Amino acid sequence: MTGAEAALYLGLVTATLVAMTLGLMIVFQAYRGYRRNESRRMLYLAVGLGFVTIAPFGLSLGFEVFAPLVPQATLVRTSLLPLGSRVLEIIGLSLILYSLYSSRLSGSI
């Protein structure tokens, strides 16, 4: 790995960690809203935001840590990792929609 590649990789990891930190802060605030108001809808919102903002980044970072142990790392990196990230985002967005449109849950946002 050349110096330029190392710098780009370090920049990517730094940006990922910053994005995960911001996502954690948002999820924490939503969770505090759930605890303060005892609103199940706010809990679904917090979990959905976690799936959208934190889980895909965590999946990517986790893969990079364990990539040397994966036999077909190229296949995983090009096909399965993006698919896993999209599935996590779909789950998160579904939870957010459920929190916004469910009238059967007690509490309010």
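Largest mean-square fluctuation among 16, 74, 53, in a Gaussian network model of the chain whose springs join Cα atoms under 10 Å apart, belongs to 74. Label sites at residue 28 and residue 64, each approximated as a point 7 angstrom past Cα along Cα to Cβ, lie 2.2 nm apart.
For the chain, the equivalent ellipsoid derived from the alpha-carbon gyration tensor has semi-axes of 34, 16, 9 Å in decreasing order. Helical runs (DSSP H, four residues minimum) scored at -39500 (n - 2.57) apiece and divided by the length of the chain put the mean residue ellipticity at 222 nm at -26000 deg cm²/dmol. Each residue in 76, 87 was given a count of other beta-carbon atoms within 10 angstrom of its own, and listing them fewest first yields 87, 76.
Computed from the C-beta positions of residue 21 and residue 72, the FRET efficiency with R₀ = 25 Å rounds to 0.20. A straight chain from residue 36 to residue 98 at 0.36 nm per residue would run longer than the Cα-Cα distance by 20.3 nm.
Read the figures in this text as sums done on the coordinates, not as results from a lab. Model, not experiment: these values are computed from the prediction. Positions of Cβ are generated from backbone atoms using ideal geometry, with glycine treated the same way; all protein chains shown enter the neighbour counts.
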